[in-house]
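Below you'll find the structure, written out as structure tokens, and then a few comments.
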Amino acid sequence: MTDVAVAGFGRTYAAVVATGAVALGLLAFAADSVDGVVGQVMIALTGSGFAWGLAAFLAGRSAAGARRAAAGAAGLLVLATLLYYVLVLVVSRRWSGAILEDGTSADLHGLRSIAVMTAVWLVGSLVAGPMLGLLGHVVRVGEVPCAALAAGVACGLLSGESWHAVVAAPLWQSLPVPDPDQADFVRGVVVSELVKIVLPLAVLAWLAPAHRLWNAWPTLLTAAVSSGALSALLWYMLTAAANSIAAAI
């Protein structure tokens, strides 16, 4: 492949990553403004750890090399994170307007919260992005045993957020809802969590035949279950840390 062809492919890949980042950030921001069950499902599809992790995985899967896979996946998540929080800061401005108990404005409080969460998710993007990007690349170019291991690990990681949520608040305890005013919200939460459980399995069901991984199904399933449990533990730790930070600011 000539240097011109390589440079052209690199520019095309960068454009695809940038387009994906803009789409991801805009869709996640738009989902925040939708109420009810539809809004909860939209958040599951566009603003969840599964959605953003899948975007990083796919960015890595489409890259020509391992280095580009890691950089592209990280870049996509970083750009999407920055766009999302810029929109929150400038457009929705949901950080402003609140009043503290002493009657003073809580805007500074809100701005600190936005700054902290932006920093947290940027760090998460720089850690999880390259890892998911490399897993996507290995699935596409690796031998069947390695590709099956990578696919299983990726799908387990993508499902971790939903398994953590289910363990923390079992879905069967959420229904029925005695308060009619809360029924729509609770149904939305239940449906969105079910969506986030089913979709990683759908991704696994797509990757296995697409890359002929069924012959390595023990590796595939073992990796998915193990990484899913680890991912759920990491989400628990992340949630606890985020709550501690929120309480401190």
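The values are calculated or read from the model by the stated rules, or taken from the named source; none is laboratory data. Predicted model only: the values in this text are computed from it and were never measured. Ideal geometry is used to build each Cβ from the backbone, glycine not excepted, and the neighbour counts take in all protein chains shown. Remember, those area values only see protein heavy atoms, side chains included, never the ligands or the DNA or RNA. Shrake-Rupley method; radii C 1.70, N 1.55, O 1.52, S 1.80 Å.
Quick notes
- For the pair residue 166 and residue 240, the difference between a 0.36 nm per residue extended length and the Cα-Cα distance amounts to 25.1 nm.
- Tensor-based shape of segment 36-96 (alpha-carbon gyration tensor, a/c under 1.5 rounded, otherwise prolate or oblate): oblate
- Each Lys or Arg adds one and each Asp or Glu takes one away; over the other residues whose Cβ falls under 15 Å from the Cβ of residue 129, this sums to +3.
- Taking all protein chains together and rolling a 1.4 Å probe, residue 237 ends up with roughly 110 Å² accessible.
- Each residue of segment 80-88 was assigned a 3J(HN,Hα) from its phi angle through the Karplus curve 6.51 cos²θ - 1.76 cosθ + 1.60 (θ = phi - 60°); the sequence is 5, 4, 4, 4, 4, 6, 5, 5, 4 Hz, with glycine and proline shown as x.
- Amide H contacts under 5 Å for residue 47, placed H, 5+ residues apart: none
- FRET efficiency for residue 127 and residue 35, using Cβ-Cβ distance with R0 set to 41 Å, rounded to 0.05: 0.80
- The listed peptides 127-133, 142-148, 24-30, ordered by packing as a protection proxy, come out as 127-133, 24-30, 142-148 (highest mean of other Cβ atoms within 10 Å first).
- Maximal additional length on extending the residue 210-residue 82 stretch stands at 42.8 nm, based on 0.36 nm per residue less the C-alpha distance.
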